[in-house]
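Below is one structure, written out as structure tokens, with a few remarks after it.
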Amino acid sequence: DAKTTQPPSMDCAEGRAANLPCNHSTISGNEYVYWYRQIHSQGPQYIIHGLKNNETNEMASLIITEDRKSSTLILPHATLRDTAVYYCIVKGGAAGNKLTFGGGTRVLVKP
Amino acid sequence: EAGVAQSPRYKIIEKRQSVAFWCNPISGHATLYWYQQILGQGPKLLIQFQNNGVVDDSQLPKDRFSAERLKGVDSTLKIQPAKLEDSAVYLCASSLFGTGTEAFFGQGTRLTVV
């Protein structure tokens, strides 16, 4: 019952920005957009989250559209270590603290 | 700050045997999650605790899976009896209470049922 849609896979070039899209057209006003990634054989790692405003931290930037129906995770300078599965998750609202994963986007950073 | 600790890291059992996994969340984290991740799929939420109470266990196969969180800290997940299709990575995560807080995951326990 994931509430997000992501492309199954994408490639990007090392050193270039990686832009990962996510559609969450049914998001409600009190639900957050979260991004996690999972590198092979590791547990998921938190990247960033936002409610309405764009957010930036040391790992990435999160751009949320004004209508909040979609968002983009930006990795400013992709490295080979950014190769992972990236999950976009909507959390909050009636579901509270429930964290539901979908299929994610498998990102391959190429030299 | 110590992360979420899980043990064991790997476990191989025969079908119909029982197995238990242990999770120690980050200190002070009220919410604890158990996930099952089958190879090639995203993690599937099995059960969510808030302190020592169950918030959501709608996807927990209750005929064979059980979980408890005594005193609202450590948690154990048990499978009895195991089936071949239970082969997966079992992930534990914890977070502070609140929808605007991030969850932190352990390394997981890889279970192989033969």
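Side notes on the structure shown:
- Qualifying residues in the range B:40-81 (those that are among the hydroxyl-bearing types (Ser, Thr, Tyr) and outside any loop (DSSP other than H, G, I, E, B)) - the one farthest from the chain's Cα centre (by Cα): B:66
- Residue among B:36, B:41 that is in contact with a Phe, Trp or Tyr (Cβ under 7 Å, 6 or more places away or on another chain) and either within 14 Å of chain A (Cβ to nearest Cβ) or of a type in the set (Lys, Arg) (or both): B:36
- Residues satisfying the stated conditions in the range A:29-58, i.e. surrounded by fewer than 19 Cβ atoms within 10 Å (Cβ to Cβ) and either within 8 Å of chain B (Cβ to nearest Cβ) or touching a His at 6+ places or on another chain (Cβ under 6 Å) (or both): A:30, A:42, A:45, A:46, A:51
- Residues of the range A:63-101 that are crowded, with 18+ Cβ neighbours inside 10 Å and within 8 Å of chain B (Cβ to nearest Cβ): A:85, A:87, A:91, A:92, A:97, A:98, A:99, A:100, A:101.
- Some residue of the range B:107-114 being without any contact (Cβ under 8 Å) to a residue 12 or more places away in the chain, surrounded by fewer than 20 Cβ atoms within 10 Å (Cβ to Cβ) and among the hydroxyl-bearing types (Ser, Thr, Tyr): no
- Taking the numbered list (1) within 14 Å of another protein chain (Cβ to nearest Cβ); (2) among the hydroxyl-bearing types (Ser, Thr, Tyr); (3) under 30 Å from residue A:31 (Cα atoms); (4) crowded, with 22+ Cβ neighbours inside 10 Å in turn, residue B:101 passes all entries but (4).
Read the figures in this text as sums done on the coordinates, not as results from a lab. The shown structure was predicted, so the numbers you read here are calculated from the model rather than taken from an experiment. Cβ: placed from backbone, ideal geometry, glycine included. Neighbour counts: every protein chain shown.
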